[in-house]
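Asker: Here's a structure for you.
The values are calculated or read from the model by the stated rules, or taken from the named source; none is laboratory data. It should be emphasised that the depicted structure is a prediction, and the values quoted were computed from it without experimental measurement. All Cβ positions, glycine included, derive from the backbone under ideal geometry; neighbour counts span all protein chains shown.
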């Protein structure tokens, strides 16, 4: 075998580590939030095979958001007591331009005059279903993140704005996909 194994066996008894090593239950709210963000990253990846080769703008947007989610997961995985240490570390951090990228994409989609009335019924095509799946996954992650203060972890407002706006973007991407059957 080359290098260390993925099977560390340190989680065999239901515990795992937050960033910087604090051990917590695998059911800890921060671990749940990170897991839901990880699910969202996978759901975003499931959109990419359905994006036409000619639409590099959407593909690049999705890939940038996936990288943002990795940064977001790292920050959420940090214990409240380690925030100062996290802020001084050289990790990539979610920043205002990342939210602006989403807001700009929303504005562009809204300017296309996408038609939507009432409740959307997913299933028009595989791309729209992939966008809807990512949207509901984003909402589930958002609910978990919003609950973190009840458990002693205060996410930066930007993180909550980002995840909320991302679900709006995904809703619009689903409508766009329906319009381009």
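Asker: Looking at segment 35-79, which of the residues that are without any contact (Cβ under 8 Å) to a residue 40 or more places away in the chain and part of a loop (DSSP other than H, G, I, E, B) is surrounded by the fewest Cβ atoms within 10 Å (Cβ to Cβ)?
Answerer: Only one residue tops the list, namely 53.
Asker: If we keep just the residues of segment 141-158 that are exposed (fewer than 14 other Cβ atoms within 10 Å of the Cβ) and assigned to a helix (DSSP H, G or I), which is nearest to the chain's Cα centre (by Cα)?
Answerer: Of everything passing the filter in segment 141-158, 143 is nearest to the chain's Cα centre (by Cα).
Asker: For residue 98, state whether it is assigned to a helix (DSSP H, G or I), closer than 21 Å to residue 157 by Cβ and touching a helix residue (DSSP H, G or I) at 6+ places or on another chain (Cβ under 8 Å).
Answerer: yes
Asker: Tell me yes or no: at least one residue of segment 109-120 is under 20 Å from residue 163 (Cβ atoms), at pLDDT 90 or above, out of contact with any helix residue (DSSP H, G or I) (no Cβ under 9 Å at 6 or more places or on another chain) and not in a loop (DSSP other than H, G, I, E, B).
Answerer: No, segment 109-120 contains no residue that is under 20 Å from residue 163 (Cβ atoms), at pLDDT 90 or above, out of contact with any helix residue (DSSP H, G or I) (no Cβ under 9 Å at 6 or more places or on another chain) and not in a loop (DSSP other than H, G, I, E, B).
Asker: Let me confirm something: among 161, 117, 176, 132, which residue is buried (at least 22 other Cβ atoms within 10 Å of the Cβ) and farther than 16 Å from residue 36 by Cβ?
Answerer: Of 161, 117, 176, 132, the one residue that is buried (at least 22 other Cβ atoms within 10 Å of the Cβ) and farther than 16 Å from residue 36 by Cβ is 132.
Asker: Now for a separate question. Which of the residues belonging to segment 80-95 are surrounded by 13 or more Cβ atoms within 10 Å (Cβ to Cβ), out of contact with any helix residue (DSSP H, G or I) (no Cβ under 8 Å at 6 or more places or on another chain) and within 17 Å of residue 17 (Cα to Cα)?
Answerer: Scanning segment 80-95 gives 80, 82, 83.
Asker: While we're looking at this one, here's another question. Hey, among the residues in segment 121-140 that are within 23 Å of residue 56 (Cα to Cα) and not in a helix (DSSP H, G or I), which one's modelled with the highest pLDDT?
Answerer: Selected residue: 125.
Asker: Here's another thing I want to ask about it. Is it the case, given these coordinates, that residue 171 is assigned to a helix (DSSP H, G or I) and more than 12 Å from the chain's Cα centre (by Cα)?
Answerer: The answer is yes for residue 171.
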